[in-house]
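Quick notes on the structure that follows.
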Amino acid sequence: MAEIIDGKMISSQIKEEVKQGAARLKEAGTTVTLAVIQVGSDPASSVYVGNKKKACEYVGFCSLSYELPEETTEEKLLGLVSELNGRADVNGILVQLPLPGHISEDKVIQMISPDKDVDGFHVNNVGRLNVGEEGFVSCTPAGIIQLLKRSGVAIEGRECVVVGRSNIVGKPMAALLLRENGTVTVCHSRTKNLAEVTRRADILVVAIGKPKFITAEYVKDGAVVVDVGIHRNENGKLCGDVDFDSVAPKASHITPVPGGVGPMTIAMLMANCLQSAERAGRRA
């Protein structure tokens, strides 16, 4: 049976490290500040925003909250982002997605200063990742690398397969695994003979958005399986993209849902925000 990779425990370790870093900066006169903008009142977004505020409080950050009505214009939102870009006391800017249909998500993301883009979505940060320069990395893939490293999983020289090619998870995940000297294959909806490809993987990262899609036949014996998906099944119970019950007996390590990748995303957001404040201090 696979060893369970405990995302709750590892995310707690990272938050403790961030807390110590924030305390050091506070002693030197800097309070780390994250600005979170939410447009509208999507219930899932409200939960995420609430969790981010709680995490800020826990690690000792100041959190600025901007809750704007659904009818907020694109121009007004871009103006607020521009104002926050110019504030020296703001280290990170996060615009909660999705945005209402009348606002261009891409325009808003690209308006955020790359030096405050703690989500790692700005094209400058995506480019920096791909050419190996210092920048912010999308929080979920960055969290997965930490899960692997802190669980003693070696990446170098291993065959890594990523299922999914989204800009938020699949593509940056592939770039990070490459950076760790993995041999990387990216699969997607047009991949032929998917199970043949995934069965080659020593490390299989699944971000396909289909509940329990990856079953035992897709996994080789002893593989490390990371499940990025989160869904509710017909009984309202949380499950991932991987059929945990059939895959766990074959894998050497596996992330559960919930309690695997999920908690890492906010922990890495906090780590990115601390990094932003530290870099700003070096530039000052």
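Read-outs throughout are calculated quantities, based only on the coordinates presented, and are distinct from any laboratory measurement. Here the structure is a predicted model, which is why all the values come from computation and not from measurement. Methodologically, a virtual Cβ is constructed for each residue, glycine included, from the backbone with ideal geometry; neighbour enumeration extends over all protein chains shown.
Assorted remarks:
- Computed on region 29-113, with alpha-carbon pairs under 8 angstrom and 6+ residues apart, the relative contact order is 42 percent.
- The residues Glu16, Glu180, Glu156, when put in order of fewest to most other Cβ atoms within 10 Å, stand as Glu156, Glu16, Glu180.
- Rounded to 10°, Cα long-axis angle of helix 43-59 versus longest principal axis of the chain: 70
- If the segment from Glu105 to Glu70 were pulled out straight at 0.36 nm per residue, it would be longer than the present Cα-Cα gap by 11.2 nm.
- Nearest-ten-degree value, helix 74-85 long axis tilted from longest Cα axis of the chain: 80
- Nonlocal Lys pairs with alpha-carbon distance under 22 Å, region 139-258 (8 or more apart, or different chains): 16
- The ranking of Asp119, Asp202 from fewest to most other beta carbons within 10 Å of each one's beta carbon is Asp202, Asp119.
- Potential lengthening of the chain between Asn193 and Arg87 amounts to 33.0 nm, from the contour at 0.36 nm per residue minus the alpha-carbon distance.
- Taking every DSSP beta bridge that has both ends in the chain, the antiparallel portion is near 5%.
- Net length available on complete extension from Lys237 to Glu3 is 82.0 nm, with 0.36 nm assigned per residue and the Cα-Cα distance removed.
- Relative exposure of Asp221, Asp227, Asp89, judged by other C-beta atoms within 10 Å (fewest first): Asp221, Asp89, Asp227
- Excluding same-chain neighbours fewer than eight residues apart, the lysines reachable from Lys76 by a Cα-Cα span under 20 Å are Lys107, Lys116.
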